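One structure below.
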Amino acid sequence: MEFEFEVQGGDFSNAGQASSRIKKILKQLNVDPKTIKRTVVALYEGEVNIVAHAWKGKIKVDIETEKIKARLSDEGPGIANIDQAMRDGYSTASEEVREMGFGAGMGLSNMKKNSDEMEIHSEVSQGTTVMIVNYL
Amino acid sequence: MKVSELAEKLGFEIVSGKEGLDKQVVGGYACDLLSDVMGNAGEGQVWVTLQTHKNVMAIASLKDLAAIVLVKGLKPDKDMEAQSHEEGVPVLSTKEEAFETAGRIFELIK
Ligand SMILES: Nc1ncnc2c1ncn2[C@@H]1O[C@H](COP(=O)(O)OP(=O)(O)OP(=O)(O)O)[C@@H](O)[C@H]1O
Ligand SMILES: [Mg+2]
């Protein structure tokens with residue numbers, strides 16, 4: 001089963017909607033609650049990163065019998081140094097975004113902790129793609 | 001303990017999301033950094049914060065939190081309040097600061 005969602009950069013008032021829809025779908029499919037929780041944390045952080053850091057993006061979720069695959073791809077500034085970005089506390093979030101409580105620099109490590117596999121590809125000035133897999 | 005009992009015992013104002021007052025409180029988490037809450041808060045906890053925007057509700061709902069407790073007399077933004085009703089996650093408000101608020105909740109439910 002495949003689902004696709006569009007995400008708009010800067011649109012904080014709708015941030016989390018794609019993750020919320022996917023959570024409902026996973027619940028309906030009777031996926032184990034712990035797997036739902038982990039997947040939702042990872043998806044939300046990826047979704048908010050598109051909103052906070054990129055111009056626009058897509059979230060594609062593929063639910064198979066043995067795994068959930070998600071691909072979050074955006075058009076945006078990209079990440080020059082992925083190792084640095086993965087580090088807890090590193091953030092380039094704007095002052096405005098930080099005031100909302102985002103920008104702790106914990107999102108990517110939350111994604112890593114809450115997925116079984118994670119891969120990031122990024123090209124500066126083009127965009128970023130994050131892929132995660134969680135086994136059922 | 002239910003959210004309604006906690007609000008009553010500690011004198012917290014129930015601002016919105018009355019639909020969720022029967023939710024069971026199993027603990028709490030106090031933090032204003034959203035991704036820290038996303039990573040570390042657990043189902044059934046009350047979240048003590050000074051953030052009053054809609055993203056708070058998105059996180060509360062995704063994490064199945066029991067309720068939000070806004071400190072320092074803060075009130076939710078209009079769209080946060082609306083979403084609290086939609087999701088059935090109560091928003092409570094107290095005049096006290098986060099330190100006292102967390103302490104009193106801890107004392108009550110430990
Ligand atoms: N999709 C993206 N496009 C461009 N840059 C990104 C993207 N995702 C992450 N980054 C970069 O990586 C940094 C770290 O991301 P991470 O999600 O860990 O923290 P954050 O988004 O800054 O804050 P938090 O997630 O804790 O609210 C970001 O500040 C940003 O510089
Ligand atoms: Mg982030």
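Computed from the coordinates by the stated procedures, all read-outs in this text should not be read as laboratory data. Computed from a predicted structure; not experimentally measured. Glycine gets a Cβ as well: all are built from the backbone with ideal geometry, and neighbour counts include every protein chain shown.
Things to note:
- The Rg/Rh ratio for chain B is 0.90, where Rg is the radius of gyration of the alpha carbons and Rh is the Kirkwood radius.
- The distance between label points at A:K69 and A:R98 comes to 3.9 nm (points 7 Å beyond Cα on the Cα→Cβ vector).
- Within chain A, helix-based [θ] at 222 nm, where runs of 4 or more DSSP H residues each add -39,500 (n - 2.57), nearest 500: -11000 deg cm²/dmol
- The number of Lys pairs in chain A with C-alpha atoms less than 12 Å apart, excluding pairs fewer than 8 positions apart on the same chain, is 6.
- Placing +1 on each Lys and Arg Cβ and -1 on each Asp and Glu Cβ, with no other charges, gives the range A:4-71 a dipole about its Cα centre of roughly 160 debye.
- Ordered by the count of other Cβ atoms within 10 Å of each Cβ, fewest first, B:K54, A:K27, B:K2, A:K34 give A:K34, A:K27, B:K2, B:K54.
- For the range A:60-136 versus the range B:1-28, the gap between their alpha-carbon centres in whole angstrom: 34
- Per-residue Cβ neighbour rank within 10 angstrom, fewest leading, A:I50, A:I36, A:I25, A:I63: A:I25, A:I63, A:I36, A:I50
- What the Cβ-Cβ distance of A:K24 and A:Q126 gives, at R0 = 35 Å and to the nearest 0.05, is a FRET efficiency of 0.60.
- Exposure proxy ranking, count of Cβ atoms within 10 Å, fewest first, for A:T39, B:T94, A:T65, A:T129: A:T65, A:T129, B:T94, A:T39
- Taking one quarter of the surface of the C-alpha convex hull of the range A:54-95 gives a mean projected area of 4.4 nm².
- Over the C-alpha trace of the protein assembly as shown, radius of gyration and Dmax come out as 17.9, 54 angstrom.
- Using C-alpha pairs under 8 Å with a sequence gap of at least 6, the mean separation divided by the residue count of the range A:1-82 gives a relative contact order of 38 percent.
- Taking label positions 7 Å along the Cα-Cβ direction at both A:K113 and B:E86, the computed distance is 2.8 nm, reported to one decimal.
- Partners of B:K95 within straight-line reach, counting lysines whose Cα lies under 29 Å from its Cα and excluding those fewer than 8 residues away in the same chain: B:K2, B:K9, B:K18, B:K23, B:K54, B:K63, B:K72, B:K75, B:K78, B:K110.
- Per-residue extension of 0.36 nm, minus the Cα-Cα distance of B:E107 and B:D79, leaves a gain of 6.9 nm for this segment.
- Vicinal HN-Hα couplings computed from phi for the range A:106-119 (Karplus, 6.51 cos²θ - 1.76 cosθ + 1.60; Hz; Gly/Pro x): 10, x, 5, 6, 4, 5, 4, 5, 9, 10, 7, 9, 8, 9
- Relative contact order %, the range A:8-136, counting alpha carbon pairs below 8 Å whose residues are six or more apart: 28
- Acute angle (nearest 10 degrees) that the helix A:17-28 long axis makes with the longest principal axis of chain A, alpha-carbon atoms: 20
- Local electrostatic count at A:G10 - Lys and Arg +1, Asp and Glu -1, tallied over other residues with Cβ under 11 Å: -1
- Dmax and Rg, reported as Rg then Dmax, of chain A (C-alpha, Å): 14.0, 43
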